[in-house]
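The values are calculated or read from the model by the stated rules, or taken from the named source; none is laboratory data. Just so it is clear, the model here is predicted, and its values are computed rather than measured. Here the Cβ positions follow ideal geometry from the backbone for every residue, glycine too, while neighbour counts run over all protein chains shown.
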Amino acid sequence: MSDYILFAGSANPALARAVADTLGVPLGDCAVERFPDGETSVRVLESVRGKDVYLLQPTCPPVNDNAMELLVFADACRRAAAGRIHAVVPYYGYARSDKRHGRREPITASLVSLLMREAGIDHVVTLDLHTDQIEGFFPGPFDTLTAVPTLCAALKPELPAQSVVVAPDAGRVKLATEYAARLDVPLAVLHKRRESGTETHVTHLVGEVEGRACVIIDDMIATGGTLVESVNALREAGAASFVVMATHALLMRNALERLADAGVERVFVTDSVPPREDPRGILRVVSVAPLLASALRHLVQDESLQELF
Ligand code: R5P
């Protein structure tokens, strides 16, 4: 087994602690602070010389601060002669900008991947990445884990009869197919047109939803707009009830209230980002700490991750 240290960035310390507890190791000693002008300060307070360093830091909101902190942390470790630097990024921010929709637009998913490499990160471990091609933006080893088995195991005991898994748009068909196979239920697909960064409209439905309990899946929930649109379209098509499953619960603004008001009964998510307040009691948070701990257990021994999929 390699000599390794797991550090928690400030984006999701509770998840890092849960991973460390599962592994039975202490978290690395460090201090992360903000200078009065907003710049990020990271001090690594123990030797990392020659060691495998794992930095657990989802680049969730505040995305720019958390992404910058990851880069600064990696730079500190590189300059302290760490062996290999592994970024454990359970939520990979900027992933939705993975191609250009028009001229003169950036591809920020590529930019942040290149910045990570430039900061000294050798290897990335992430979870349910928005699109597979992002792996190719990072010029080094890249492991994408999936929370689908974990989420399905949580839903299965309360899966209503006559369920159908629904992909909210064409981009989620592959993910929805995995959910449908694991839950052993049929699949339906919505097609949406994007009006702006925050507004979408459902235009088509493929599949049988009348009288069925819809399990609408997505990789992430940000404003909840996509899912509310989906619920409205499915209700119009005669669907009976709605459950949502998504790996990354960004839940910006009043997303949870919007989902509850739209008639969503339960929202299954993971703790890839810190869980939000749930005044309406519809949120079920399933921890990915055991999954990440298993991955690290394999990685520190240079073993295959195959059994985690
Ligand atoms: C879009 O391609 C993503 O997979 C999500 O559907 C979307 O980003 C969710 O955002 P919101 O909750 O704001 O609609």
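Specify which of the listed residues (Ala262, Ala222, Ala249) is within 16 Å of the ligand (Cβ to nearest atom), more than 30 Å from Leu145 (Cα to Cα) and in the same structural domain as Leu175 (by TED's automatic domain parsing).
On the way: Ala222 fails: more than 30 Å from Leu145 (Cα to Cα); Ala249 fails: more than 30 Å from Leu145 (Cα to Cα).
Result: Ala262 is the single residue among Ala262, Ala222, Ala249 that is within 16 Å of the ligand (Cβ to nearest atom), more than 30 Å from Leu145 (Cα to Cα) and in the same structural domain as Leu175 (by TED's automatic domain parsing).
Here Arg212 qualifies as crowded, with 18+ Cβ neighbours inside 10 Å and more than 18 Å from the chain's Cα centre (by Cα). Considering Asp132, Asp128, Asp184, the condition of being charged (D, E, K, R), within 18 Å of the chain's Cα centre (by Cα) and surrounded by fewer than 17 Cβ atoms within 10 Å (Cβ to Cβ) is satisfied by Asp132 alone.
Results for (1) at pLDDT 95 or above; (2) on the phi > 0 side of the Ramachandran plot; (3) in the same structural domain as Val89 (by TED's automatic domain parsing); (4) touching a strand residue (DSSP E or B) at 6+ places or on another chain (Cβ under 6 Å), shown as yes or no for each residue.
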| site | (1), (2), (3), (4) |
| --- | --- |
| Phe138 | yes, no, yes, yes |
| Pro141 | yes, no, yes, yes |
| Ala154 | yes, no, no, yes |
| Glu158 | no, no, no, no |
| Val164 | yes, no, no, yes |
| Gly171 | no, no, no, no |
